[in-house]
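Encoded as structure tokens, the structure appears first; notes follow it.
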Amino acid sequence: MRSITLLAIITFLGITPAKSQSYGYGGIGYNMSFLQSDGLDFVIGRYNDTRAYLTETMENPRYFDGISIHFGGAQKAFLFDFGYTQQSCVVSASGVDQSGIEQQRDVKDKWNTIDIGLGVSAGASDHFSLAAGVNFGLNSEKYLTRAETPDNIGTANFAQINKQFKFGISPFVQFTITGESAGLLIRPYYAWSPVKTDYYDLNAYINPYTYILDPINIEGTLKGFGLSVLFILYEYQD
């Protein structure tokens, strides 16, 4: 939380625009993030701890990736941005259970975001721009799982366990490096939400024999650092 406060202060109070001109951009690219949630880690840990037969335990979900689409621009010192990000993470465990057949369990976390970004343009030219701001987004967090033999897991369908919408906040710094009319947008950011996710249903589904021994409230917030790299079309106005 201190990191978010510090970045917000820097964004809105601490940046002095240097020759901030007007420009517009739009593009699509790759997004990756390293996220963590205490509640989700608890559920995954319980799955591993209650199955001594596992030869491959399930890792805690950390690396999310997917696509990101953004378009926006700057009018003098004011930056605006509209975006959509779709990312997911799949973790797996496998082992020969009591039936004597090897089984694999996959857990998938899908996190989609529609957001509006506001910030400060700290300088721009026809080939480069620098800005910082905060995205305010609507996050859709969805948990799915499937189980099958390792040979057939690729064709098995995921079952959706729960889906939750929540408000998210992401401070960011943004660079664009362009040629005449196209180039790259690079955006490191920190993702956080004040609304917690309830993982009780996921725990009950993948740990059906032990969930009654666990706390009823298994909550957590996915948070962490991310990076988006987009190919964009760019127009600069002096």
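Observations, loosely collected:
- Filtering the stretch 20-57 to residues that are of a type in the set (S, T, N, Q) and in contact with a Lys or Arg (Cβ under 6 Å, 6 or more places away or on another chain) leaves only 20.
- Scanning the stretch 208-235 for residues that are in contact with a Lys or Arg (Cβ under 9 Å, 6 or more places away or on another chain), part of a strand (DSSP E or B) and of a type in the set (Asp, Glu) gives a single hit, 219.
- For the stretch 169-198, the candidate set comprises residues that are modelled with pLDDT under 95 and under 16 Å from residue 221 (Cα atoms); within that set, the residue that is surrounded by the most Cβ atoms within 10 Å (Cβ to Cβ) is 197.
- Hey, residue 155 modelled with pLDDT of 95 or more, closer than 22 Å to residue 61 by Cβ and of a type in the set (Ser, Thr, Tyr) or not: no
- When the stretch 29-68 is filtered for residues that are under 13 Å from the mean Cα position of the chain (by Cα) and either aromatic (Phe, Trp, Tyr) or crowded, with 20+ Cβ neighbours inside 10 Å (or both), the ones remaining, listed by number, are 30, 31, 33, 34, 35, 37, 61, 63, 64, 68.
- Cβ-Cβ under 8 Å pairs, at least 6 apart or on other chains, the stretch 212-234 side farther than 26 Å from residue 86 by Cβ, far side assigned to a loop (DSSP other than H, G, I, E, B): 214/207
- Residue among 100, 119 that alone is more than 19 Å from the chain's Cα centre (by Cα) and within 24 Å of residue 221 (Cβ to Cβ): 119
For every residue, the table says whether it meets (1) buried (at least 16 other Cβ atoms within 10 Å of the Cβ); (2) in contact (Cβ under 8 Å) with a residue 40 or more places away in the chain; (3) among the hydroxyl-bearing types (Ser, Thr, Tyr).
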position	(1), (2), (3)
70	yes, yes, no
80	yes, no, no
98	no, yes, no
103	yes, yes, no
123	yes, yes, no
135	yes, yes, no
141	yes, yes, no
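- Among (1) in contact with a Gly (Cβ under 6 Å, 6 or more places away or on another chain); (2) over 16 Å from residue 103 (Cβ atoms), the one test that residue 21 misses: (1)
The values are calculated or read from the model by the stated rules, or taken from the named source; none is laboratory data. Note that the structure is a prediction, hence the values are computed from the model and not measured. Positions of Cβ are backbone-derived with ideal geometry, glycine not excepted, and every protein chain shown enters the neighbour counts.
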